[in-house]
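Below is one structure, written out as structure tokens; comments come after it.
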Amino acid sequence: MILEPSAAAASRSSKQNSDGHAEATYSGAVSHSEDDSGNENRQKSARRRKRSHSLSENGKSKTAKAGCSSSGRTRGKHVRQEHVETVTLFEVITMGKSAIQAVIDDWIEAYLTDRDASLLDLISFFIQCSGCKGVVTAEMCQSKEDRDMRSRMVEELDEGAGLQYKRFLVFPWILTVTWPMDADSAEYPLVQSGPSSRWFHSEFCDFVSVLVTRCQHSVMFDSYLMNNLISLLTELSDSCIRAFRHTCTLAAVKLLSSLVGVALSLSVGIENNQKLYEVQRTKTVRSRSAQQLERIQNISELQEKRAEIEGMMDAIFKGVFLKRYRDMLPEIRSICMEELGLWMKLYSSAFLTDSYLKYLGWMMHDKIPDVRLKCVLGLQGLYGDPVLLPKLDLFTSRFKDRLISMTLDKDNEVEVQTMKLLVLISKSCEDVLTPDDYKQLLPFVYSSHRPLAAVTGELLFSRIANAAAPAPDLQGEMSEEEAQKQQTFARLKALLQFYQESELHEHVVYLVDSLWDCGGSLLKDWPTLTAALLQNSSSSPSTGGGFTPAEQAVIVEILVASARQASEGSALPGRSGAKKVMSVKEKKVQTDDCLKLTEHLLRVLPQLLSKFSCSCDIITSLMRIPQFFLPDCPEAGNAQLVSSLISEMAAALDLCSDPAVLEAAARSYLSLCGEGAAWCSTTRTARDSLVQRWVDQLTELLGESLRGDRFSADEEKTREIVATLKKLRAFHNCHDLGRWSVFDLLSPLLTEESSHGGAPAEVLEEALQCLSFSTIWSLNTSSETLTCREKAVAQRLQLRVFCERSHRCLSHSQLSVRHQAFLGVCDVLMAHSYQIQVWDPTSYGPLLYTPSPRLQRALLTFVCAHVFVDLDSDNQNRASENAEMERLEDLHRRRNMLAAFCKLIVHGVLEMSTAAEVYMYYMKYNNDFGDIIKETMFRTRQINKMESARTLVLCLQQLFVRLKQEQENSSGAQSRVQTFTSIKELARRFALTFGDLVKFRECVVMIHRTSIEFVFQGFSQTPDAATPPFLSYLTILSEFSSKLLKPDKKTVFSYLLKHTAEHIIDLREECWQPLIYYRASLLAVAETEDAGSCVGSDRRPNLHGRSPFSKQKLEGSKSPCQIRPIDKVSKVPKASACPNQQKLRDMDPFAVPPELQEKRFNLETAVLSIRNEPEDGTVEVEL
């Protein structure tokens, strides 16, 4: 707080003395900020200061220091004047709860001695906690009925003195708070940044609680302390000052919460006394205890105190809560709702009524998530207490729909807590939620937010747990184990019914993840799940069977999902909110679950594979289970179990060649063949024999089918070849099959096209994939296999053969073959580039291979012809019911191809200039491929920013030249390339990528230099060719002018003059409009404007008597552009604005925009002369 100026104090003192109703004036002023910072509230350690405390009594006036009198006064009947070391109440809250208790005890003793001064201490404490650094003065008021008193309760500003006043009534006081207007009212202790705000909030609430606790047996019921304190908090909580309103509202509601505790203790005392009274009544007169009767007589006194406490609570509720629960500040609304829920739970007899519950219901519609959250959390405490449920019936029926709708809240925490509340309601009130309500709530188990899905899973599992138990007549005949099994079957039936009714048949893994925390007893019961799969589907439902084939397929999905969950945890793609780090206990549980899973399924999985061998979908799911086995399982050493599993997996592969089955089997074999597992040698031997059998079978088939260069297999053999190739391709993707020489076996297939005697398209497609995998594995194992130069040369020869033969397949008649050939070449070239980068020079490595120019052109042509195509023309012959799905699959395929091609550019396999053809389609296909193209620009710029900028220029120039040629050759036909406007917009997008002007200074200057050379290259002015043919390109180039620094703009302008001075005769001619537009864009930056504002805005580009060339001094700055130096560039004469002209007639697309005609410069006199200007005013420009 600051001291009030003497003049203002004197004026205010005279004003107060003139009041006829003021019997005595209590005034005091204390500076609460002695240091320069003036922010004592942020100090965390108690500050002690020595003050001289004196008190003199007078019959007519008293002097009390507001907010500064000693909280630790010297005990005794007489007040002695002496120097003591004291702290204020505000400083006490920095000392902890124990210090708060001691100081409050001292304050109570001082209050018993001098209650007025002590009360002013407490008042000053709350004002200081509000962050006020001002002066507090007090004056006495005899009557509340004073008519003029209310008119003086104002908040006013004194702009002349720079002070702000607030006057309010705390009977018998009229308090005036004065503080400077320039004080930072937005920063007060409760809203300070960092942990200090949370610490102060906690200590402040503890102070209020301790104050009530210590006063409840002494001064609370003196009709003075609490009345004045409640009056103070009521007045300050109604202030327009946010700091007062926030701090005192918090103090008021915390005061009410503490009073609730006092009321509860009084209620307990009343109840105990009544019980004693009933006991004493039953006794005879002689046996009654006088002491007990004396205690019983205190019931009426306790009841009076409770009534007085309830009156205080009612005053706070009506004076503070009813005004502040709708406050504009969200923090105040949250405080009110949080405390209201606490009052209802603790003192339900007074607060748990519909008249109070309605506030929680109303504020559930608040626009701030934290307010809604506090309402929901308060209701959780109420619905969690069974004793309180009968009082909530009307509220539940009234606001149930709102609670259900809040499960769709935009705030994740609100929707999670609302779902928890609905789970409590469903458990405590069975008939509240209807089947329609459950139908609306239960689909949240598939939510992308895992906490919400897990809580909804608890709601679902509670309904599943209530599934029908076994029939009573059969229950006595079954053992406990059998009864548990049948109960699990019943729950499983209920889960299957829910899953089938939800019609989300691809989300089993998400359903299992949602139920994992609450329904682990069902999902981890792998013996029961496998028993349900192994039993006969025709079993009667009464015996627990009756699972249909469709239900068994879902059970298999649940089994696989539970195995994955037990092995890998809850991390699922597309689902957020899962724990990323597991505790030691969770890791131990996970290991135990994997151990149980492996021990059981290692025995049962062969039986399941044998039973469902005819169903490819079920086999695909079952094939994934070995990936989740624990290698350290004790059963891993059982060779018989492992051999049985491997043999059943091989038998399933012989019966089914579906790609999904083969991929799952290959990954499971890879997991089983991992190092360190006890079954490693057994599974590797089985895998090698399986691959050897397929290779022998394929060798025999190809030997009979390939005769010379012709493929002569019939349809049946072709199917066998394709099936075997699919198996080898799936395993070659995960396993290195180099020792079986797969490349030499399959390379003869890529000789001729099927129309010329070559292999069919389906054979070529599988062969291309196998060959690409073989080449990649060869490159990947270079450090181990290349032991001499001959092997390195052979590897490079293999790479060249694959690329050449795949190049031939790029022109195949079948689209699928072309796609596979393109992806194979890109993958192989990327793998080779990576191996060259990580090659260790101390050992043999792969030799450098550069794709031929023909192959590079073929790849670029393929991308332009197969990626950047219109969907309508591409899919016009493929009309089907799943058109949208086909469109998305086709888009995904094209994105993969473009990404593979761009990787070759980024990693240096292809020249960076090749990207110019890709950049041309940035605007046209921005929705489909914009992210890939933009990422390519970013990566290439990191590698070589100058070369990347040249690529952008090349892209724009190629587009411009093609458009120019098309317009010259076509006669009004529709353009097959982009329009001039789209090219200009593309240039604008390119310019936006140069964010840091200093970092890309050289790049932007180079863009202007090369573009100016492009426009004026080889131009000689003749009567037939008055202007350069590409002059319109300058309009496109102007999009990069805003990215030039001021010195570079002048340099580029000088370079432009060098190319144009000998050609320009009259700039007023229509043909030179693009040049005028470009020059204006260069000059606009000198005036801190862009080209659009200089040429096309409503503001005048040049005022009379002022030229855009004026006041430009290069000050010897250098430009990074590599332009040949010129001698000197003189200042440009002032340009004058010419009158407006009519709009252009039938403008060419390359002409300057029409707005340039409205404000056109007459630069006829602005042609620079390099030789005939005076030396004065010239500057040296280093280009």
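The values are calculated or read from the model by the stated rules, or taken from the named source; none is laboratory data. None of the values given here were measured: they were computed from a predicted structure. Glycine also receives a Cβ, built like all others from the backbone with ideal geometry; neighbour counts cover every protein chain displayed. Areas reflect the complete protein model, heavy atoms only, side chains present, ligands, DNA and RNA absent. Shrake-Rupley method; radii C 1.70, N 1.55, O 1.52, S 1.80 Å.
Give me a count of the residues in region 691-734 that are more than 16 Å from Leu764 (Cα to Cα), under 56 Å from the mean Cα position of the chain (by Cα) and charged (D, E, K, R).
3
Mind listing just one residue for me: the one in region 604-632 that is of a type in the set (S, T, N, Q) and in a helix (DSSP H, G or I) and, of those, nearest to Ala553 (Cα to Cα)? Break it down into steps so the answer makes sense when it comes.
Start the filter on region 604-632 by keeping residues that are of a type in the set (S, T, N, Q), which leaves 607, 610, 613, 615, 620-621, 627.
Now narrow it down to the ones that are in a helix (DSSP H, G or I): 607, 610, 620-621, 627.
Working: Gln607: 15, Ser610: 15, Thr620: 11, Ser621: 9, Gln627: 19 Å.
Of everything passing the filter in region 604-632, Ser621 is nearest to Ala553 (Cα to Cα).
Are any residues in region 551-579 open to solvent by 40 Å² or more (accessible area, probe 1.4 Å) and free of Cβ contacts under 8 Å to residues at least 40 places away in the same chain, and if so, which ones?
Step one: of region 551-579, the residues open to solvent by 40 Å² or more (accessible area, probe 1.4 Å) are 557, 568, 571, 573-574, 576-577, 579.
Passing the criteria: Ala571, Pro573, Lys579.
To keep it simple, each residue is scored yes or no on (1) farther than 18 Å from Cys680 by Cα; (2) among the charged types (D, E, K, R); (3) open to solvent by less than 10 Å² (accessible area, probe 1.4 Å).
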| site | (1), (2), (3) |
| --- | --- |
| Val604 | yes, no, no |
| Ser610 | yes, no, no |
| Leu622 | yes, no, yes |
| Pro631 | no, no, no |
| Glu635 | no, yes, no |
| Asn638 | no, no, no |
| Leu641 | no, no, no |
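Just to be sure I understand the filter: pairs with C-beta atoms under 7 Å, separated by 6 or more residues or on different chains, first member in region 457-481 and closer than 21 Å to Gln497 by Cβ, second member at pLDDT below 55 and open to solvent by less than 100 Å² (accessible area, probe 1.4 Å). Which pairs pass?
Listed by first residue and then by second, the contacts come to Ala471/Ser542.
Ala792 - would you say it is open to solvent by less than 50 Å² (accessible area, probe 1.4 Å), out of contact with any helix residue (DSSP H, G or I) (no Cβ under 7 Å at 6 or more places or on another chain), under 28 Å from Leu672 (Cα atoms) and hydrophobic (A, V, I, L, M, F, W, C)? Can you show your working first?
Values: open to solvent by less than 50 Å² (accessible area, probe 1.4 Å): yes; out of contact with any helix residue (DSSP H, G or I) (no Cβ under 7 Å at 6 or more places or on another chain): yes; under 28 Å from Leu672 (Cα atoms): no; hydrophobic (A, V, I, L, M, F, W, C): yes.
Spelling it out, it is not the case that Ala792 is open to solvent by less than 50 Å² (accessible area, probe 1.4 Å), out of contact with any helix residue (DSSP H, G or I) (no Cβ under 7 Å at 6 or more places or on another chain), under 28 Å from Leu672 (Cα atoms) and hydrophobic (A, V, I, L, M, F, W, C).
Taking Ala467 as meeting all but one of (1) modelled with pLDDT of 90 or more; (2) in contact with a Lys or Arg (Cβ under 7 Å, 6 or more places away or on another chain), write down the number of the exception.
It fails just one condition, (1).
Can you confirm whether region 354-373 contains a residue that is in a helix (DSSP H, G or I), crowded, with 21+ Cβ neighbours inside 10 Å and not hydrophobic (A, V, I, L, M, F, W, C)?
Yes, that holds for at least one residue.
Give region 420-454 a look and list any residue that's outside any helix (DSSP H, G or I) and out of contact with any Gly (no Cβ under 7 Å at 6 or more places or on another chain), or say none. Walk me through how you get there before you give the answer.
The first filter runs over region 420-454 and keeps only residues outside any helix (DSSP H, G or I), leaving 429-434, 447-449.
Once the filter is applied, which keeps residues that are outside any helix (DSSP H, G or I) and out of contact with any Gly (no Cβ under 7 Å at 6 or more places or on another chain), region 420-454 yields Cys429, Glu430, Asp431, Val432, Leu433, Thr434, Ser447.
So in region 806-854, with the set limited to residues that are in contact with a Pro (Cβ under 8 Å, 6 or more places away or on another chain) and modelled with pLDDT under 90, which one is farthest from Ala899 (Cα to Cα)?
So the residue we want is Trp839.
What single numbered condition from (1) under 45 Å from the mean Cα position of the chain (by Cα); (2) assigned to a helix (DSSP H, G or I); (3) surrounded by 18 or more Cβ atoms within 10 Å (Cβ to Cβ) fails to hold for Ala677?
Failed condition: (2).
Can you tell me which residue is nearest to Met328 (Cα to Cα) among those in region 222-269 that are surrounded by fewer than 18 Cβ atoms within 10 Å (Cβ to Cβ) and of a type in the set (A, V, I, L, M, F, W, C)?
Looking at residues that are surrounded by fewer than 18 Cβ atoms within 10 Å (Cβ to Cβ) and of a type in the set (A, V, I, L, M, F, W, C), I get Cys240.
Can you tell me how many residues within region 929-972 are within 20 Å of Val906 (Cα to Cα) and more than 38 Å from the chain's Cα centre (by Cα)?
1
For region 966-979, give me the residue count where each residue is surrounded by 10 or more Cβ atoms within 10 Å (Cβ to Cβ) and either modelled with pLDDT of 90 or more or hydroxyl-bearing (Ser, Thr, Tyr) (or both). Break it down into steps so the answer makes sense when it comes.
So in region 966-979, the residues surrounded by 10 or more Cβ atoms within 10 Å (Cβ to Cβ) come out as 966-967, 970, 975, 977-979.
Pick out the ones that are also either modelled with pLDDT of 90 or more or hydroxyl-bearing (Ser, Thr, Tyr) (or both) and you get 970, 975, 979.
Residues in region 966-979 being surrounded by 10 or more Cβ atoms within 10 Å (Cβ to Cβ) and either modelled with pLDDT of 90 or more or hydroxyl-bearing (Ser, Thr, Tyr) (or both): 3 in total.
Among the residues of region 699-749 satisfying the criterion of being surrounded by 14 or more Cβ atoms within 10 Å (Cβ to Cβ) and of a type in the set (Asp, Glu), which is farthest from Ala665 (Cα to Cα)?
Among residues in region 699-749 that are surrounded by 14 or more Cβ atoms within 10 Å (Cβ to Cβ) and of a type in the set (Asp, Glu), the one farthest from Ala665 (Cα to Cα) is Glu720.
Any idea which of Val1004, Val1015, Val998 is in the same structural domain as Tyr1055 (by the TED database) and out of contact with any Phe, Trp or Tyr (no Cβ under 7 Å at 6 or more places or on another chain)? Break it down into steps so the answer makes sense when it comes.
Working: Val1004 fails: out of contact with any Phe, Trp or Tyr (no Cβ under 7 Å at 6 or more places or on another chain); Val1015 fails: out of contact with any Phe, Trp or Tyr (no Cβ under 7 Å at 6 or more places or on another chain).
Within the list Val1004, Val1015, Val998, the selection yields Val998.
Can you tell which of Glu648, Glu663, Glu635 is in contact with an Asp or Glu (Cβ under 6 Å, 6 or more places away or on another chain), of a type in the set (Asp, Glu) and part of a helix (DSSP H, G or I)? Write out each step before concluding.
Numbers: Glu648 fails: in contact with an Asp or Glu (Cβ under 6 Å, 6 or more places away or on another chain); Glu663 fails: in contact with an Asp or Glu (Cβ under 6 Å, 6 or more places away or on another chain).
Sole residue among the options that is in contact with an Asp or Glu (Cβ under 6 Å, 6 or more places away or on another chain), of a type in the set (Asp, Glu) and part of a helix (DSSP H, G or I): Glu635.
Scan region 107-126 and report the pairs whose first residue is open to solvent by 10 Å² or more (accessible area, probe 1.4 Å) and whose second residue is among the aromatic types (Phe, Trp, Tyr), with Cβ atoms within less than 8 Å and a gap of 6+ or a chain change.
Close Cβ pairs (under 8 Å, with a partner that is among the aromatic types (Phe, Trp, Tyr)) amount to Arg115/Tyr224; Asp116/Tyr26.
Any residue in region 991-1009 that is crowded, with 21+ Cβ neighbours inside 10 Å, at pLDDT 90 or above, among the β-branched types (Val, Ile, Thr) and over 37 Å from the mean Cα position of the chain (by Cα)?
Within region 991-1009, one or more residues are crowded, with 21+ Cβ neighbours inside 10 Å, at pLDDT 90 or above, among the β-branched types (Val, Ile, Thr) and over 37 Å from the mean Cα position of the chain (by Cα).
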